[in-house]
Amino acid sequence: MSDGPHLVVAGSYGWSTRYVLAAAPGPGETLLADEVQFEHGGKGSNQAVAAARLGASVDFVTAVGHDHPGEAAIALWQGEGVRADPVRPAGLPTMTGTILVERDGENRIVVALGAMLALGATDAHLVGRLVTADSTVVVQNEAPYAFTRAVLERAAAAGARTVYNPAPVSAALDHRDPVWQAVDVLVPNQHEARSLLGDSDLAPDASAEELARELAERTGCRVVLTLGAEGAVFVAGGAVERVPAVPATAVDTTGAGDCFTAALSVALAEGAVMRDAVRFACLAASRAVQQPGVIDGLPRRAELAEEVV
Ligand code: ADP
C-alpha cells in the first residue's frame, strides 16, 4: 500500500456498456451494434483509481450491488491498491450506464443509479471514521446530494481538506447553497460553473477568468475551472491565473475531468501550491486523453515526467 498522502474519495462506481452503431434506434426499432465495449466507470471510482496510480494512499467509500459488476468493481480496486468496503444494499443493482455512440460521434447515455441510491446522510460516518486533519476528501455529484453534503461537512469538521468536483451538473445546487462553507477547492468545468452561478448577473460572453472569479467570490472556495483543450484557470488567494493544457493528440476525452480532479487533489495533499497542482493536473489529464477508454488511460506517477513538490 502506498505511503503517499491520504485521500478519501466518496462517490460512485458504475459499470458501463458502450454500443457503437450507425444511428440510434427509433421507437419500436431493434438494431445490431457494430461494436460493444464494457468498462469500469463512475466518477468516484475513476478518481480513486487515478489517485492511487499517482501515488496516494486511497480509501474509497461507495455502494455496489450483489451482482457481477459489483464483484468486478471490488476486483478492480484490489488490483489498484484502493481500499474499499462498499455498502451493498439488498435488492439494488450496481449503478450502470448505457452509452450509444453513433458513427457521427453523437452520444446518447442512460444511467441508472441503482445501489448509489442507498447512500444517505447517515452513511457519511463511513467517511468520518477514515478521515483525519491530514486527509484530503474528494467528492463528485453522482451520489445522492444528502450523502455528498454530509461527507463534506464531516470532513470539514475533522479539519480535512475538501475537494468538490460538481459533475454531473445538478440544477438543485447553486452558489447560494450553505455547503460551500465545507468546501476548500471547487473543480467545475465551464458548463458546471455557469450552472452553479445560475441567475447571477454574469455576462453571457464573460471570459473563463471572469467566470472563475465570480464563482470564487460567491462561494468563498478556491476555484479551479477546467477548460478542456484550453487547460484551466484557478482563483486562489485573490489571484486569477490561467494554466495552458499540455498539448496532446486527444483520442478519447472521457474521464479527463476525473483524472484532473484526482491529480489536483494528490498534488495539493502533497503540499504543492495551487499553480503547481494545476500544472500537474493538466499534465496527468493530457495523458488520459491520449488513450481510448477511461481506466486504461489513467497515468501512473512514474510515467509523468514532472514532479510537483
Ligand atoms: P470535463 O471532462 O470534466 O468536461 P475538461 O474537458 O475541461 O473536463 O478537461 C479536463 C482537463 O483535461 C483540462 O483542464 C485539460 O487539462 C485536460 N484536457 C482535456 N482535453 C484535452 C486536450 N484535448 N488536450 C490536452 N488536455 C486536455
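Numbers for the structure displayed
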item	result
Failed condition for GLU142, given (1) away from the ligand (no atom under 16 Å from the Cβ); (2) assigned to a loop (DSSP other than H, G, I, E, B); (3) closer than 27 Å to GLU71 by Cα	(1)
Lone unmet requirement of (1) touching a Cys at 6+ places or on another chain (Cβ under 6 Å); (2) assigned to a strand (DSSP E or B) for ALA245	(2)
Residues (under 23 Å from GLY255 (Cβ atoms) and not polar (S, T, N, Q)) located in region 223-239	VAL223, VAL224, LEU225, LEU227, GLY228, ALA229, GLU230, GLY231, ALA232, VAL233, PHE234
Sole residue being over 29 Å from ALA160 (Cα atoms), outside any strand (DSSP E or B), hydrophobic (A, V, I, L, M, F, W, C) and out of contact with any strand residue (DSSP E or B) (no Cβ under 7 Å at 6 or more places or on another chain), chosen from ALA229, ALA267	ALA229
Whichever residue in region 91-107 is surrounded by 19 or more Cβ atoms within 10 Å (Cβ to Cβ) and among the polar types (S, T, N, Q) and, among such residues, is farthest from ILE74 (Cα to Cα)	THR96
Those strands (runs of 3 or more DSSP E) lying entirely in region 14-107 with at least 2 residues aliphatic (A, V, I, L, M)	14-21, 57-61, 96-102
Sole exception among (1) in contact with a Lys or Arg (Cβ under 8 Å, 6 or more places away or on another chain); (2) buried (at least 24 other Cβ atoms within 10 Å of the Cβ) for ASN46, by number	(1)
Options PRO292, PRO178; residue that is at pLDDT below 95, away from the ligand (no atom under 15 Å from the Cβ) and surrounded by fewer than 24 Cβ atoms within 10 Å (Cβ to Cβ)	PRO178
In region 108-134, residue surrounded by the most Cβ atoms within 10 Å (Cβ to Cβ) [restricted to those that are of a type in the set (Val, Ile, Thr) and assigned to a loop (DSSP other than H, G, I, E, B)]	VAL131
Residue match in region 214-225 (condition: more than 16 Å from the chain's Cα centre (by Cα), over 21 Å from PRO168 (Cβ atoms), within 7 Å of the ligand (Cβ to nearest atom) and touching a residue at least 12 places away in the same chain (Cβ under 8 Å))	no
Filtered residue count, region 238-272, keeping only those that are touching a residue at least 12 places away in the same chain (Cβ under 8 Å) and more than 12 Å from the ligand (Cβ to nearest atom)	10
So PHE234, is it aromatic (Phe, Trp, Tyr), in contact with a strand residue (DSSP E or B) (Cβ under 8 Å, 6 or more places away or on another chain) and near the ligand (Cβ under 9 Å from one of its atoms)	no
So ARG279, is it among the basic types (Lys, Arg) and part of a helix (DSSP H, G or I)	yes
Test set (1) within 14 Å of the ligand (Cβ to nearest atom); (2) modelled with pLDDT of 95 or more; (3) outside any strand (DSSP E or B) - GLU210 fails condition number	(1)
Any hit, region 152-172, residues being part of a helix (DSSP H, G or I), at pLDDT 95 or above, over 30 Å from PRO25 (Cβ atoms) and in contact with a Phe, Trp or Tyr (Cβ under 8 Å, 6 or more places away or on another chain)	yes
Some residue of region 182-204 being assigned to a helix (DSSP H, G or I) and hydroxyl-bearing (Ser, Thr, Tyr)	yes
Extreme residue, farthest from the chain's Cα centre (by Cα), among residues of region 285-304 that are assigned to a loop (DSSP other than H, G, I, E, B) and not β-branched (Val, Ile, Thr)	LEU304
Identity of the residue in region 142-175, surrounded by fewer than 19 Cβ atoms within 10 Å (Cβ to Cβ) and either of a type in the set (S, T, N, Q) or touching a strand residue (DSSP E or B) at 6+ places or on another chain (Cβ under 7 Å) (or both), that ends up farthest from VAL278 (Cα to Cα)	SER170
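The values are calculated or read from the model by the stated rules, or taken from the named source; none is laboratory data. Keep in mind that this is a model prediction, so the values were computed, not measured. Glycine gets a Cβ as well: all are built from the backbone with ideal geometry, and neighbour counts include every protein chain shown.
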